[in-house]
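Only the coordinates and a few stated rules stand behind these numbers; no lab work does. Worth saying up front: this structure is predicted, and the values here are computed from it rather than measured. Positions of Cβ are generated from backbone atoms using ideal geometry, with glycine treated the same way; all protein chains shown enter the neighbour counts.
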Amino acid sequence: MRVWLKALLLFGLMVATPFAIQALVGRPPRWFDAAPYFSVADYIPSVQTLIYIVGVVGVIAVIFNYLFYSTGLDEIHGWLKLAEREMNVILKGVDASSGKGRADDRIKWWNDITSKDAFSKTPDKIFDLNEEDAKNRGGPGPKAAITAFLLREIYDGDIELAQNKILAEMRANDGKVPHVVAGLREILGLDDYLAAKAEYEKEKAAGVVRDEPRFSDFGVNWAALLLVVRLGGFPRDITMTKGKDPDKEIVKNREALELLTRV
């Protein structure tokens, strides 16, 4: 059930409750006649006023509901919820440790199994693994980092900056599209842009000259996005763990995004 509908039903219950109390209780019992009597009805608005209030609230709810669906706000709301769920799936494999922390763990692991002290030199294999971490754009850590960056910009309504991040990643990886979770792809218009880009390249090879599609021409309207973010209270469902037992702690939402974009 939608939040606005729950609120409307709650309001109706609040309006009906005084009537129910008055009908059940009526006036105080006779033994209470010596005390000052305050009729519950004295504090209840007239029936006409109540009908007017309920009618106004109902009209506002209907108008808001129409705008929410007809302007696509409901779709954006669903995409944001989907993106956060996808983010949580990624975060199950991430502990928010830094690259330096992972390197230190590998060195400690090597020294433990070889019985060497903490200052011993480690083999080239560990160096290679650390280098691979820096280059690998498909592992859980990099996926979480780029998703956190895109979510942070989207929550600020800066769709174009998020799109530019994707373009930068593509240029750095020979045109390979980075991992963009479901929900964000729709908000940013990524698939529509890629389809238009492919069509442009096909027509260009055939000798057809036209303007190259721009990523910024795709995606949802920034004002509608910000409205949904504010009304929906996003970010709201992002959860990750930081540290190790017994010092493990849970970080949520903005704090998690800031942490992931720093490491």
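Observations on the structure shown:
- Here the simple spin-label model places points 7 Å from the Cα toward Cβ, and for T239 and W222 these points are separated by 3.4 nm.
- Across K176/K242; K165/K197; K165/K248, pairs whose alpha-carbon gap is larger than 27 Å: K176/K242; K165/K248
- Highest mean packing first, where packing is the average number of other Cβ atoms within 10 Å per residue, the peptides 218-225, 174-181 line up as 218-225, 174-181.
- Once the chain from K176 to E203 is taken as fully extended at 0.36 nm per residue, the excess over their C-alpha distance is 7.6 nm.
- Model label points for V57 and L167, set 7 angstrom from Cα along the Cα-to-Cβ axis, are 4.9 nm apart.
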